[in-house]
Amino acid sequence: MPTPKTKGGSALKEVIRISLDEPKMFHVILHNDDVTTMEFVVHLLTTVFRKSQPAAQEIMLTVHRKGCATVGTYTYDVAYTRKSKALNMAKNAGYPLKITMEEAN
């Protein structure tokens, strides 16, 4: 630990206060379509979004019945990465899956 600078025999101390804000959180929202299979949606939810099989089934059914559902709430980087990975998997499988993000309040 460095010693404080002295001036005229007294020690000078510099105190720096840092205020850290909590990171903004974002909802990842999965939207229903008439092409993407339920099995594929459950697969995405378990692999990309790390949901348990029962939770993935429940989210998939909510999307099917209500048109959309929040898959999870994450920091921006995590939300964007998971959304991008899921959309790439859907595109490669030939599905027109729609996933959006919105800032959580």
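The values are calculated or read from the model by the stated rules, or taken from the named source; none is laboratory data. Bear in mind the structure is a predicted one, so any value in this text is a computation, not a measurement. Note that we place each Cβ from the backbone using ideal geometry, even for glycine, and neighbour counts take in every protein chain shown. Ligands, DNA and RNA are stripped out before the accessible areas are found, and what is left, the full protein with its side chains, is counted by its heavy atoms. Shrake-Rupley method; radii C 1.70, N 1.55, O 1.52, S 1.80 Å.
Brief remarks follow.
- Accessible area of the chain divided out per residue, in Å², using a probe of 1.4 angstrom: 74 Å²
- Accessible area of the chain belonging to carbon and sulfur atoms, whole % at 1.4 Å probe: 53 percent
- Loop-resident sites, the range 27-105, for GluC sites (Glu not before Pro), counting at most 11 other Cβ within 10 Å (DSSP): none
- Amide H contacts for Gly72 (H built 1.01 Å from N in the peptide plane; partners 5 or more residues away or on another chain; cut-off under 5 Å): Val28.
- Solvent accessible area, Å² - Lys91, 1.4 Å probe, full protein context: 150 Å²
- The chain: calculated mean residue ellipticity at 222 nm from DSSP helix runs of at least 4, using -39500 (n - 2.57): -13000 deg cm²/dmol
- Global geometry of the range 42-105, whether rounded, prolate or oblate, following the gyration tensor of its Cα atoms and the 1.5 cut on a/c: rounded
- Estimated dipole of the chain in Debye, rounded to 20 [Cβ of Lys and Arg +1, of Asp and Glu -1, Cα centre]: 460 debye
- Tally of Lys pairs whose C-alpha atoms are under 24 Å apart, taken over the chain, 8 or more apart or cross-chain: 17
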